[in-house]
Ligand SMILES: *[C@@H]1O[C@H](CO)[C@@H](O)[C@H](O)[C@H]1NC(C)=O
């Protein structure tokens, strides 16, 4: 039990002040504390005392980093400013992934383009090693001109992809009808900048222009609210004072306003949806696609 009279001693006051400093320091996003640069030698850089991180790509290599923590359910937010001008052939990623066979993964991948042409934001979900659930979008802003926030909400019921807090995609837990959903493998946050000019830009027709290298993408304000997985178990306390929405992510769903926004994005900016690609699934669309269509049909009837 802490006694009040003790806390008035000068030493105790000093200790309290020091503790306050430590708490304040951990509450701001800091890449030194939160991530490890994992590949690309010195092409990944942490700047400004941990406030910024940049990744770069040249002909010899790209670069990448990963979170120190792994999470079993989380909301992760990252602000990114993508490779400007001619980014054809480059791919910038921000994703969650587990390790080992039968892995789970939740992806944002930004496919670069030649100057003046739009980036494609590619999303996918893997569960127990199975992907093939792509949706792709153009963005309603220039993602190279300023930082924008990209978020993944991953809870037991659903995965929500958000851009500047607008939901762009919802992937429901349809385990009840046999669709695998990530619920048991902890995932880390990963990010990378690499060359994929065999396929990334306009189907691989436009290659990386290496005379423009190095290419650089910038990161700031990484925030993870999640259940941190460790050998001693899982701890779900919200990590920091400035954490977005506290614990709300654990049951987050789309309210009517968010659903309207999702529909606006999907109607105007979605350029590919596996759920409408009948050519790709001649045996019939995946079960979750049939379900979401019948749910939409049902909601239109009422
Ligand atoms: C690049 O621009 C073309 C033409 O506007 C567009 O069709 C394509 O989706 C864009 N993105 C990529 C990655 O090719």
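No lab work stands behind these numbers, since they all come straight from the coordinates. In this text the structure is predicted, and so the values were computed from the model without any measurement. A quick note on method: Cβ atoms are made from the backbone with ideal geometry, for glycine too, and the neighbour counts reach across all protein chains shown.
Provide the convex hull volume over Cα atoms per residue for segment 27-277, in Å³.
On the way: hull volume 34.6 nm³, N = 251.
Expressed per residue, the convex hull around the Cα atoms of segment 27-277 is 138 Å³.
Sorted by packing (mean other beta-carbon atoms within 10 Å per residue), highest first, where do 110-121, 205-216, 75-86 land?
On the way: 110-121: 18.8, 205-216: 16.1, 75-86: 21.0.
Going from most to least packed, we get 75-86, 110-121, 205-216.
Using a Förster distance of 45 angstrom, determine the FRET efficiency expected from the C-beta separation of residue 230 and residue 45, and round it to 0.05.
Computed FRET efficiency for residue 230 and residue 45: 0.95.
Could the peptides 175-182, 222-229 be put in order, highest first, of the mean number of other beta-carbon atoms found within 10 Å of their residues?
Working: 175-182: 14.9, 222-229: 21.8.
So the order, starting with the most tightly packed, is 222-229, 175-182.
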